Amino acid sequence: MSDAIVLSPKNDELRSYTAREVAIIFFRHRRVATFCFLGVFFGAVLAALILPSYHAEMKFLVKRERVDPVISGDQTTSQIQIASPEITEQEMNSEVELLTSEDLLRQVVLANHLEQSVGSSWFHKNDQERRIAIAVRKLRSHLDIEAVRKTNILSVTLSSRNAKQAADVLSSLANLYLEKHTQVMRRGGQYEFFAQQTEQAKKELTESEERLQAFNRAQRVVAPETERDNTLEKVSEISLSLEQTRAAIGETEDRLDALKRLQRSMPARITTQLRQGDNPQLMQQLKSTLLNLQLKRTELLTKFLPTYPLVQEVDRQIAETQTAIAGENARPMREETTDQNPTEAWVRGELAKANADLSGLRAREEEQRGSVANFQSRARSLNDKGIVQQDLLRSTKAAEQNYLLYLRKREESRITDALDRRRILNVAVAQEPLVPALPARSGGWYLLIGTLFALLLAVGATFGAEYFDDSFRTPDEIRRELRLPVIAAVPFCPHLILQTDLPSKLEPGQEVA
């Protein structure tokens, strides 16, 4: 026979029990062992009968085949953003949290009327919200969601006693989850918003273009900046020509001064030919006169004395004539030929030309000065018009960019809405929920577990009752406790009552020392 080692409650010592003693202990506490075993066993039988658990399962595939465009005002934002092909752990956890969100489970409860299975309590008989909250909590406790390792699959399992109800709840959960995923990942109403903004942007673009055209017609300009640049180029050219004209005026004035000084220093005419000689006609006439006077004197002398007045008069005329001839001989005749001075004529011509050039240059200077002022004024006016036109052009370009942006975003939103309507998402149902035909655990499994647990509880309860029992049943217990030898032992007699200090109750088969 095998021995059992237990701890004695009286002296806390290890003691070895034989199989007979163990059997006696079980026999002594048979009621406790029987009640514990039968209670647990019948509970297991009841659980096996009324608590068959069915597990309905479905799976979601998290993928990245569709990337929605980013809603941004940036003109350089591409329609399709390049994303990493791998699904991160954060994204998987986000999908799990989305599946277990309070509002989603509430919708599932209401869609399947799970709140009707919740009974009313004493204090909350007709509280609908409480029943819904209890149903949501119960559904969450029976719902198991986990990400399969090294995959992009979410496994969703729902345990329930009703197999069909479990499959229906998972189907509702899948449909509502896909709708919520669409709402969370992309809010609705984007197409309507962008369509409205597109019409508004188109209207603003039309108004801006009309303002620009009205301005161009009113100011009679097409490209003020280009015209301004051309005008400034002309201003530069005319300013350069004006400086050249002023330099030419100074040069002409200096030339006039030089020519005037030169003109004052030279005669208007110069001698071109000079000849000296007698005047033959005069000498001939004088000599002829002298001869006639001498002949007349001779004739008078024949008639009159030299003192005669007529003779003296003739002598005087002869003397004058001789004096005149002598004077003519002493002063020869000089013939001088003069002509216009060509240098002086050239100087005079140059003076006239320089005066004419100076007048022309001064007139040109005045005209160029006026032209510069007019072109500068026009350039300033064109610059002001260019500023206004540039502002209108910027407004028009901004309106055009906004219109194109909203037009593109409207088209992107239309495509996204079409994808949403066709359920083309980044989450797909990889495995549809089916009605489970077999429970997750059979009734035999419950019976086996219940039987083992009942046996363990019965054994534990028996030894526990033995451990906490303070009565003495054998002489050996007395000897071990008192550490004294036992001289005699009196068997228990139910008809004999001894007045002693020993326990008043003894079970059949016990002995009293």
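The values are calculated or read from the model by the stated rules, or taken from the named source; none is laboratory data. Owing to the predicted nature of the structure, the values given are computational and were not obtained by experimental measurement. A quick note on method: Cβ atoms are made from the backbone with ideal geometry, for glycine too, and the neighbour counts reach across all protein chains shown.
A few remarks follow.
- Criterion applied to 109, 45 was being aliphatic (A, V, I, L, M), at pLDDT 60 or above, not assigned by TED's automatic domain parsing to the domain that holds residue 163 and not in a strand (DSSP E or B), and the one residue passing it is 45.
- Residue 178 being surrounded by 14 or more Cβ atoms within 10 Å (Cβ to Cβ) and in contact with a helix residue (DSSP H, G or I) (Cβ under 6 Å, 6 or more places away or on another chain): no
- In the set 197, 213, 183, only one residue is within 16 Å of residue 411 (Cβ to Cβ) and of a type in the set (S, T, N, Q); that residue is 197.
- The single residue among 350, 344 that is farther than 30 Å from residue 204 by Cα, touching a residue at least 12 places away in the same chain (Cβ under 8 Å) and touching a strand residue (DSSP E or B) at 6+ places or on another chain (Cβ under 9 Å) turns out to be 344.
- Positions within region 429-449 being modelled with pLDDT of 75 or more and surrounded by 16 or more Cβ atoms within 10 Å (Cβ to Cβ), in sequence order: 429, 430, 433, 436
- Any hit, region 186-200, residues being in a helix (DSSP H, G or I), within 29 Å of the chain's Cα centre (by Cα) and among the acidic types (Asp, Glu): yes
Let's see how each residue does on (1) surrounded by fewer than 19 Cβ atoms within 10 Å (Cβ to Cβ); (2) modelled with pLDDT of 85 or more:
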position: 140; (1), (2): yes, yes
position: 146; (1), (2): yes, yes
position: 154; (1), (2): no, yes
position: 158; (1), (2): no, yes
position: 164; (1), (2): yes, yes
position: 186; (1), (2): yes, no
position: 198; (1), (2): no, yes
position: 207; (1), (2): yes, yes
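Yes or no, residue by residue, for (1) modelled with pLDDT of 85 or more; (2) exposed (fewer than 15 other Cβ atoms within 10 Å of the Cβ); (3) in the same structural domain as residue 159 (by TED's automatic domain parsing); (4) touching a Ser or Thr at 6+ places or on another chain (Cβ under 6 Å):
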site: 377; (1), (2), (3), (4): yes, yes, no, no
site: 384; (1), (2), (3), (4): yes, yes, no, no
site: 391; (1), (2), (3), (4): yes, yes, no, no
site: 402; (1), (2), (3), (4): yes, no, no, no
site: 405; (1), (2), (3), (4): yes, no, no, no
site: 419; (1), (2), (3), (4): no, no, no, no
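Okay, residues lined up against (1) modelled with pLDDT of 85 or more; (2) loosely packed, with under 14 Cβ neighbours inside 10 Å:
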residue: 230; (1), (2): yes, no
residue: 252; (1), (2): yes, no
residue: 256; (1), (2): yes, no
residue: 262; (1), (2): no, no
residue: 270; (1), (2): no, yes
residue: 276; (1), (2): no, yes
residue: 281; (1), (2): no, yes
residue: 288; (1), (2): yes, yes
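A quick yes/no check of all residues on (1) modelled with pLDDT of 70 or more; (2) among the aliphatic types (A, V, I, L, M):
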| position | (1), (2) |
| --- | --- |
| 464 | yes, no |
| 468 | yes, no |
| 471 | yes, no |
| 474 | yes, no |
| 481 | yes, no |
| 495 | no, no |
| 498 | no, yes |
| 503 | no, no |
| 512 | no, yes |
